[in-house]
Each structure stands twice: as C-alpha cells, then as structure tokens.
1. Would you compute, for the Cα atoms of the chain, the largest minus smallest coordinate along each principal axis and list the three values in descending order, in whole Å?
2. Once the Cα atoms of helix 47-71 and of the chain are each reduced to a long axis, what angle between those two axes, in degrees from 0 to 90 to the nearest 10, is obtained?
3. Charges at C-beta only: +1 for Lys and Arg, -1 for Asp and Glu. How large is the resulting dipole of the chain about its Cα centre, in Debye rounded to 20?
4. How would you rank ASP9, ASP74, ASP141, going from fewest to most other Cβ atoms within 10 Å of each one's own Cβ?
5. Using Cα springs under 10 Å in a Gaussian network model of the chain, which residue among PRO117, PRO134, PRO80 shows the largest mean-square fluctuation?
6. Where is the GNM fluctuation largest for the chain (alpha-carbon springs, 10 angstrom cutoff): VAL90, VAL32, VAL107?
7. Roughly how compact is segment 64-151, stated as its Cα Rg over 2.2 N^0.38 Å to two decimals?
8. Determine the distance separating the Cα centre of segment 1-78 from the Cα centre of segment 90-151; give it in Å without decimals.
Amino acid sequence: MRKFLVVLDDSRECLNAMRFAAMRAAHTGGGVQILSVIATDDFNHWAGVGEIMRHEARERIEVHFEVFAKWMRDKQGVNPELVIREGEVVTEIMAQIREDASIGVLVLGAGTDNKGPGPIVTQLTRQAGSLPIPITIVPGDMSKERLEQIT
C-alpha cells in the first residue's frame, strides 16, 4: 500500500497537509504515515534533564497525533501510523523516505505569512529534483471545501 508521509509539527499549515494526506489516502486506498521529529539540540542538558525533556516531547507528540488520528479514522476511514525520530527535520524526513519503500508521496503544508512557505518546504523544494518521491505542497490557507474538491 502506498503511503502519504506528512510531517507533524506546531505550524498552522500542518493541519491542511494532514487533511490533504488523509483525503487522498481515503480516495486512493492508500495509507498515512505521520512523522514528527524531535530536535536533539533541545536536549543538550544534563543527562537526567535531557531524558525528561525527551519524554515530555514524545508525550506532546502522541497527544497531538491522537487528535489527527481520531479525525482520520472517524471522517476518512484511514488509520495513520506515527513515527517519531530525533535529529534535524529535513535529514530525518529524508531518512524516513529512504527507509520505508512504501512511502509514495511527501505532503507538506506551506506557510501563509510573508516569511515564505516555511523552512521545511524551502529546504526540500531545493532538493526536489533529486528526491526519490514527489512532494505535494498544500497551501496553508486553503479551505476544507477546496481540499475536498481537489482530493
């Protein structure tokens, strides 16, 4: 089964990327894999403090994931899987794509402010020509109705 890989982070545009991935998976018989990356720079403290921070970060991710997962299961009939990695975001996205051959499309949300589409979109579109899979970039301010029309 082909999977849509979508990145879970704290950005507003993440919501539309999640919606798009779930709707496309539902309409094409695919799956959704949700990747969240914990920045290891955040844990350069004493070992005990770093471990507590890492554990808290994982708990926040799992709670955030469950919100999206419930919607995907209830509204789209898609049961997503969660993958949590540690490191630099783009490096870990690329590693996940290389390690899971069932990933067919990377879905990213584009920011809507005047700072540009966001650091992940900016970095990965520079590499787009050499990526092993296509990237779908979903506008962060696209309406749910429009997303339903195009998926």
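Readers should treat all values here as calculations from the given coordinates under stated rules, not as data from a laboratory. Since we're looking at a predicted model, the values are computed, not measured. Heads up, the Cβs are rebuilt from the backbone with ideal geometry, glycines too, and the neighbour counts pull from every protein chain shown.
1. Sorted from largest, the Cα extents of the chain read 50, 35, 33 Å.
2. Here the helix axis deviates by roughly 20 degrees.
3. 620 debye
4. Least to most surrounded, the residues fall as ASP74, ASP141, ASP9.
5. Of PRO117, PRO134, PRO80, the most mobile in the Gaussian network model is PRO134.
6. Of VAL90, VAL32, VAL107, the Gaussian network model singles out VAL90 as fluctuating most.
7. Its radius of gyration relative to the 2.2 N^0.38 Å reference: 1.19.
8. 14 Å
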